[in-house]
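I have placed the structure first, in the form of structure tokens, so that the comments after it can refer back to it.
Read-outs throughout are calculated quantities, based only on the coordinates presented, and are distinct from any laboratory measurement. Note that the structure is predicted; figures quoted are calculated from it, not measured. Note: ideal-geometry Cβ built from the backbone for every residue, glycine included; neighbour counts use all protein chains shown.
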Amino acid sequence: MTEFSIIGKPIAMVDAAGKTTGAGKYTDDLCLPGMLVGKILHSAYPHARIKRIDTSRAEKLDGVVAVVTGKDAPTPYGILPVGHDEHALALDKVRYVGDNLACVAAVSEDIAEKALELIDVEYELLPAYFDPEGSMKAETDLIHDNKPHNIEKDYHHVFGDPDKALAEADYVAEGRFIANEVTHAAMEPHSALASFELDPHTGKLGRLTVWSSTQVPYYLQHKLSLVLEMPMAQIRVIKPLVGGGFGGKSEVIPLEIIAAIAARAARAPVKITYNREEVFWAHRGRPRTIIDLQTGVKKDGVINAVKARVVQDGGAYCSYGVVTILYSGALLGALYDISDIAYDGYRVLTNKPACGAMRGHGTVNVRFAFESQLDEIAAKLNLDPAEIRRRNLLKPPCITINGLRVQSYGLPECIDQVVERSKWKERKGKLPRGRGLGIGCSHYVSGAANSIIRSDMPHSTVNIKIDRDGGVIVYTGAAEIGQGSDTMTAQIAAETLGCSLARLKVVAADTDLTPIDIGSYSSRVTFMAGNATLRAAEEVKKQIASAAARKMKCPPDELVFRDDEVYRRDLGGEGARATHSEASASGRVEGQILRGSLQQKRKDEGPKDWMTFEEAVVAAIDFHGALTGTGSYAPPPEARGGKHKGAGVGPSPAYSYAAQVAEVSVDEETGEVTVHKVWAAHDCGRALNPVSVDGQIIGSVWMGLGQALEEEMVWKDGMLMNPGLLEYRSPSAIESPEVEPIIVESIDPEGPFGAKECSEGSLAATIPAIANAIHDAVGIRLRECPFTPERVLTALRAQNKAKPINLTEGVDPTAPTRFREHGGALWFRGKGPERHPLDPARQKATAEIGGDD
Amino acid sequence: MSLPEFKLLLRPRTVEEAVGLLAKHANNIRVLAGGTDLIPSMRQKLFEPQYVLDIRHISELKGVHPRPGTGVEIGALTTHTTLERSDLLRQRYPVLTEAAGTVASPLLRNMGTIGGNICLDTRCLWYNQSLTWRKACGFCIKKDGDLCHVAPGGTKCWAAFSGDTPPALLCLNAEIEIASPSGMRRVPLREFYTGIGDSYRKLQADELLTRVFLPDTSAYYHGIYRKLRIRGSIDYPLAGVAVVLKRSNGHVADARLAITAVNPAPILIVGATQMLAGKVIDESLADAVGDLAAKTAKPLTTSALTPEYRREMIRVFTKRAVLAVANNESLVRH
């Protein structure tokens, strides 16, 4: 008999049928009687003061029920307590093209859209900032008055003595890396439906219910309470099925609050669903990041110091920005053994949509730089790139110089696995020109050890209720967003209680029904909600065991719970299964109430060696009364990090590890890169559901591939040039390579059944693995992603010292003499639409604003 | 984004009926065939017609039909999937099979038609955007405005023609049939385009493109279409090259080359025919043809990737296509 009956088995997601047949309900599928459609008016200017908003013409339009503006909800909010800088609808200023100004609630979408045209807004235009390095020089017309030089936050960390260590290094590599801005592009656009109940006594608006495509129902409830000035207990947030989050729904998105404000004004339910362009404006994606990186090594490849200066183009609001810039520094540690680290991080405000959390939050871009530079160093020292990584491994259990506690560490095996499977030793550097192999490693937290809202509350709580019907209901606040959290919860509860999955129902993410869980972000759910589920199930199991043991006349710890049966350990369950096989043949019977006569018969039989799960449950309820259990999880104090300013971000109870090898070919005439295969090893502690882990690894590689080769948000003076999925290019099936997922199980001492995270850590390895493979193929080092064909071709031409392409050669004389040029690639340079005389793009002195470096 | 309100969806069953309706509502009507371009554009308020003429039920305009002695006739409503799967075209006009197979994605090819691809609206990053976006940026000459964001100070629209099949059709010397209230007329496809982004085709408001004719004289040419795009599917071309060629005794008997997505019109490069005729194709000849094509291309910042790069790809793709077609390589399996 194997150790587990449900854990470690490939199990279909418990919500798969609804999603695959279309029967499942997402927020936009919901409909309430009398429901109105909300449409939002967005700013046409990147930076302007609002002098006047006149909604009177819109209000008069037939079919319009209410029009709301900033003054209907003037309280600022933000996901971080230090970043309460947003208004759901702008109060005095707009800060990016697409910022929210007003919302119309009307009986139909086209009437609402028509009404938007009737809202008159008078702006006073302000100079706008589009480039972070230019924005940092700003003295006047700041984006937020309390943020001098438009710097949201800067951190300067020094651990050890990096200057001394660099001076002692045998070789110091130095370089600037740029990772351009990307967004989540989740399939489901954000959607929210808000509805007030009437107070039965006063007839006034009472309780509020919001259905939303959110990763964080509890935070949403919290912020709604703040902005609507209602007690949290009066607000219920329900999360229906969510069609992907990736971080884009991990904070309160304006439409959620706007829907509530509009519903309050209209006294009717209001639903708002973003169109794709609005999703791009809501954004909260990965910021464009400029990384100046220095790595010092000894001759043998051992890293002795790292210095990094990171500038992130954060957009107009704080969002998760302070956390992002801290992760970028903190996660320089905990992958390799680095004794001296200097980190200068700048989160800068610009007049663009706010960046926030995105899969691999904070670490991906810096990891691209680091792993690329490590490859350069290996080449310089004539070392195998896999070997240089092996020489810098941590020796866990340990606490890194910047205070991160590492216990389980599967990185060495991840490296060994991908090296072996890709036939690295035989093939690396030996493939024909144009084809190459590259390696990259990465890691990520299994949830943050410190929650956003500093408090002693548990990060996850789970309740379990079992009744005489033998049905097990698990109540969890954890948000299923497609990652499999409901399935994970069911598996852990079923394994612990020894019952079948069919017996289990997970009720999740409904703040009226489920206990608090802080949400699905930073890969925390398996570790934290999983541990809480485990504890809740163990508590219930203890109650069942004590009652069953009385009946079976043995100590409770002699009992085994497995396969819907409770039996004495010394019997091994063999007798039980033989006599019970008939009933279990039709699985449904087991989940139902035992017939009274059958129950009585079994009771009369006296002491026994085994009981069915129902019998044990009935015995427990007869003995204890109600059968419920609760469990919660808070990360242990030892895992919560150091004492320095900003030390709260980065610590995690456990880290996942990943190593990848990519095989690519490069067309040297066109610069096109084809990824043929990626071997991706991921240490997830224990794979609770291997098929789900495989899916997460493949998905991470695929998303990394997008950022490496194709995806980039292109800006032109504050206008997003590609606000749709036609021009913002996520990879299609055609260019998606074969991915070989390799699960490495390091069995974490604190994870539920030893599990850690598996959905984010792999992404960061893909980009440098591809960059390094391109270098292996054609000898060029790409320091800016995505590696579009023209960036590759430009680097190839520079390498060959080939003649640059002349744009105007042989051009038709009727063509314009002055072209609007692009910069390095998709990034535009030059003048923009002549929007306003104060627009810095029009001023010569600051001509580089909005351009490349 | 909702569709703009339109008065009526008209559903004619015959060409005569369709043309009659077009004439009646001229200037206030848009034709719906596959709808793959029209519907998103209507949502973006690029077209706000009062009437929509749904021609999908004119059955005489569907299918690929051999016309013995003259060539092959293709109805304007024939989908790209049908073109891609037609054995007749694969044998006689492989360049068209290949081009049709690269259009957008399988789902869109099931909907999109050859007539729609020929009439495809020219595209520009500053134009194919929502009303909200265009309002924020400032309208351009192609729609609602009086300036060009691509060529500031210019008064000509440079929106790029981004169809995949027209360069192949140009190589095949295709003719098109246009129905109007005064009757049918046939024009060579190469005379259909104006080269000006905002009035890119010669089709009056009361006229309907009905059929495409491929002459027998162009049959059995080797052909290749090469398309620059970032994704392997879905994308419009960022540059495209079609080449057809016929050999006799190892020499080029006849060849034609056309490019797309880098000018406001697909362009047949006449000089290439003279350059190739009678020659044996080698690397340097292919290079020279590539240079000629690159000189003809005038890519601007109407789409992703830089103009420099797209022009360079016209050169590289042309060279490769010429060499490949000379070696009788093709993506299409015969």
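Using 1/(1 + (r/R0)^6) with R0 = 60 angstrom and r between the beta carbons of A:Val107 and A:Asp467, what's the FRET efficiency to the nearest 0.05? Spell out each step's value before the answer.
Details: r = 44 Å, r/R0 = 0.74.
E(calc), rounded to 0.05, equals 0.85.
Report the net charge of residues surrounding A:Met35, where surrounding means a beta-carbon distance below 15 angstrom and charges are Lys +1, Arg +1, Asp -1, Glu -1. It would help to have the intermediate numbers written out before the result.
Values: positive: A:Lys25, A:Lys39, A:Arg264, A:Arg267, A:Lys271; negative: A:Asp28, A:Asp29, A:Glu109, A:Glu197.
In short, +1.
Peptide A:729-739: average number of partner chain Cβ atoms within 10 Å per residue?
Values: counts 6, 2, 4, 8, 4, 5, 4, 1, 0, 0, 0.
The per-residue average across the peptide is 3.
If we count other beta carbons within 10 Å of each Cβ, what is the order of B:Met111, B:Met42, A:Met703, fewest first?
On the way: B:Met111 17, B:Met42 21, A:Met703 25.
Sorted ascending by nearby Cβ count, the order is B:Met111, B:Met42, A:Met703.
222 nm [θ] for chain B, helices only, -39500 (n - 2.57) per DSSP H run of 4+, per residue, to 500?
Values: 12 runs with 104 residues, N = 334.
Calculated mean residue ellipticity at 222 nm is -8500 deg cm²/dmol.
Roughly how many debye, to the nearest 20, is the charge dipole of segment B:1-58 about its Cα centre, given +1 on each Lys and Arg Cβ, -1 on each Asp and Glu Cβ, and no other charges?
Working: 8 positive and 6 negative charges, 16 e Å.
Using Cβ point charges on Lys, Arg, Asp and Glu, segment B:1-58 gives about 80 debye.
Tell me which of B:Pro307, B:Pro94, B:Pro66 sits at the most positive position along the dipole axis of chain B, charges placed on C-beta atoms (Lys, Arg +1; Asp, Glu -1).
My answer, from the dipole projection, is B:Pro307.
Percentage of Cα-Cα pair distances in the protein assembly as shown greater than 50 Å, rounded to whole percent?
On the way: 231627 of 703891 pairs.
The share of Cα pairs beyond 50 Å in the protein assembly as shown comes to 33 percent.
Once both axes come from the Cα atoms, what is the angle between helix A:574-585 and the longest principal axis of chain A, in degrees from 0 to 90, rounded to 10?
With rounding to tens, the tilt is 70 degrees.
Using a Cα-Cα cut-off of under 25 Å, which lysines could be cross-linked to B:Lys279, ignoring same-chain neighbours fewer than 8 residues away?
Excluding near neighbours in sequence, the set is B:Lys246, B:Lys295, B:Lys319.
With the dipole of chain B worked out from charges on the C-beta (+1 for Lys and Arg, -1 for Asp and Glu) around the Cα centre, which of B:Gly163, B:Gly223, B:Ser130 lies farthest toward the positive end?
Toward the positive end, the furthest listed residue is B:Ser130.
Filter the GluC sites (Glu not before Pro) in segment A:475-572 down to the DSSP loop ones having no more than 16 other Cβ atoms within 10 Å, then list what survives.
Details: sites: A:Glu480, A:Glu495, A:Glu538, A:Glu539, A:Glu558, A:Glu565; in loops: A:Glu480.
Nothing satisfies the criteria.
What residues from segment A:165-185 fall in the zone where the backbone N is under 19 Å from a label point 7 Å along the Cα-to-C-beta line of A:Lys298?
Hits in segment A:165-185 for A:Lys298 at 19 Å: A:165-173.
Calculate, in nm to one decimal, what A:Asp456 and A:Glu139 gain on full extension: separation in residues at 0.36 nm each, minus their alpha carbon distance. The partial results should precede the final answer.
Numbers: separation 317, 0.36 × 317 = 114.12 nm, distance 4.02 nm.
Between A:Asp456 and A:Glu139, full extension yields an extra 110.1 nm.
Taking a point 7 angstrom from the Cα of A:Ala16 along the C-beta vector, which residues in segment A:484-513 have backbone N less than 13 Å away?
Backbone N within reach: A:484, A:487-488.
Could you work out the local net charge near B:Pro167, counting Lys and Arg as +1, Asp and Glu as -1, over the other residues with Cβ closer than 14 Å to its Cβ? Can you show the working numbers first?
Details: positive: B:Arg190, B:Arg226, B:Lys227, B:Arg256; negative: B:Glu98, B:Asp164.
Residues near B:Pro167 contribute +2 overall.
If you take the alpha carbon radius of gyration of segment B:208-334 and divide it by 2.2 N^0.38 Å, what ratio comes out, to two decimals?
On the way: Rg = 14.7 Å, N = 127, 2.2 N^0.38 = 13.9 Å.
My calculation over the Cα atoms of segment B:208-334 gives 1.06.
To the nearest 20 Debye, how big is the dipole of chain B about its Cα centre, given +1 on the beta carbon of each Lys and Arg and -1 on that of each Asp and Glu? Please report the intermediate quantities before stating the final value.
Values: 42 positive and 31 negative charges, 68 e Å.
Result for chain B is approximately 320 debye, rounded to the nearest 20.
Calculate how steeply helix A:321-330 sits against the longest principal axis of the alpha-carbon atoms of chain A, using the helix alpha-carbon long axis, and give the answer as 0 to 90 degrees to the nearest 10.
Long axis of A:321-330 versus the principal axis of chain A: about 80 degrees.
Stokes-Einstein at 37 °C, 0.692 mPa s, Kirkwood radius from Cα pairs: D for segment B:1-58 in µm² s⁻¹?
286
Taking 7 Å along the Cα-to-C-beta vector as the label spot, tell me the B:Glu60-B:Asp287 distance in nanometres, rounded to one decimal.
Between B:Glu60 and B:Asp287, the simple spin-label model gives 5.5 nm.
Can you give me the C-alpha center-to-center distance between segment A:463-510 and segment B:268-334, rounded to a whole angstrom?
62
Averaged across the residues of B:309-320, what count of C-beta atoms belonging to other chains lies within 10 Å of each residue's C-beta? Spell out each step's value before the answer.
Numbers: counts 11, 1, 6, 9, 7, 0, 2, 5, 2, 0, 1, 3.
Taking all residues of B:309-320 together, the mean is 4.
Where both residues lie in the protein assembly as shown, what percent of DSSP beta bridges are antiparallel, nearest 5? Show your work: numbers first, answer last.
Values: 148 of 185 bridges.
Rounded to the nearest five, the antiparallel share is 80 percent.
What average count of beta carbons from other chains do you get within 10 Å of the Cβ of residues in B:228-239? Before the final figure, lay out each step's value.
Values: counts 3, 3, 14, 11, 7, 5, 6, 5, 2, 0, 1, 0.
Across the residues of B:228-239, the mean count of other-chain Cβ atoms within 10 Å is 5.
Could you tell me the calculated FRET efficiency between A:Leu61 and B:Arg185, based on Cβ-Cβ distance and R0 = 35 angstrom, to the nearest 0.05?
On the way: r = 47 Å, r/R0 = 1.35.
Efficiency at R0 = 35 Å is approximately 0.15.
If you keep only loop residues by DSSP, which GluC sites (Glu not before Pro) in segment B:161-219 have at most 15 other Cβ atoms within 10 Å of their Cβ? Kindly include the intermediate steps, with their values, before the conclusion.
Details: sites: B:Glu175, B:Glu177, B:Glu191, B:Glu207; in loops: B:Glu207.
In loop regions of segment B:161-219 (DSSP not H, G, I, E or B), there are no sparsely surrounded GluC sites (Glu not before Pro).
What pairs in A:Lys153/A:Lys271; A:Lys19/A:Lys505; B:Lys7/B:Lys45; A:Lys298/A:Lys677; A:Lys423/A:Lys801; A:Lys19/B:Lys62 have C-alpha atoms more than 26 Å from each other?
On the way: A:Lys153/A:Lys271 35 Å; A:Lys19/A:Lys505 17 Å; B:Lys7/B:Lys45 15 Å; A:Lys298/A:Lys677 33 Å; A:Lys423/A:Lys801 34 Å; A:Lys19/B:Lys62 37 Å.
Too far apart for the 26 Å limit: A:Lys153/A:Lys271; A:Lys298/A:Lys677; A:Lys423/A:Lys801; A:Lys19/B:Lys62.
If you take the Cα atoms of segment A:1-134, find Rg, then find the Kirkwood Rh from the mean of 1/r over all pairs, what is Rg/Rh?
Dividing the radius of gyration by the Kirkwood radius yields 1.20.
Relative to the Cα centre, what is the charge dipole magnitude of chain A, using +1 at the beta carbon of each Lys and Arg, -1 at the beta carbon of each Asp and Glu, and rounding to the nearest 20 debye?
On the way: 96 positive and 113 negative charges, 150 e Å.
Dipole of chain A, to the nearest 20 debye: 720 debye.
Net charge near A:Ile698: determine it from the other residues with C-beta under 14 Å of the C-beta of A:Ile698, scoring Lys and Arg +1 and Asp and Glu -1. Could the numbers behind the result be given before it?
Working: positive: A:Arg359, A:Lys677; negative: A:Asp694, A:Glu738, A:Glu740, A:Glu760.
Its environment carries a net charge of -2.
Between helix A:217-228 and chain A, what is the angle of the helix's C-alpha long axis to the longest principal axis, kept within 0 to 90° and rounded to the nearest 10?
60
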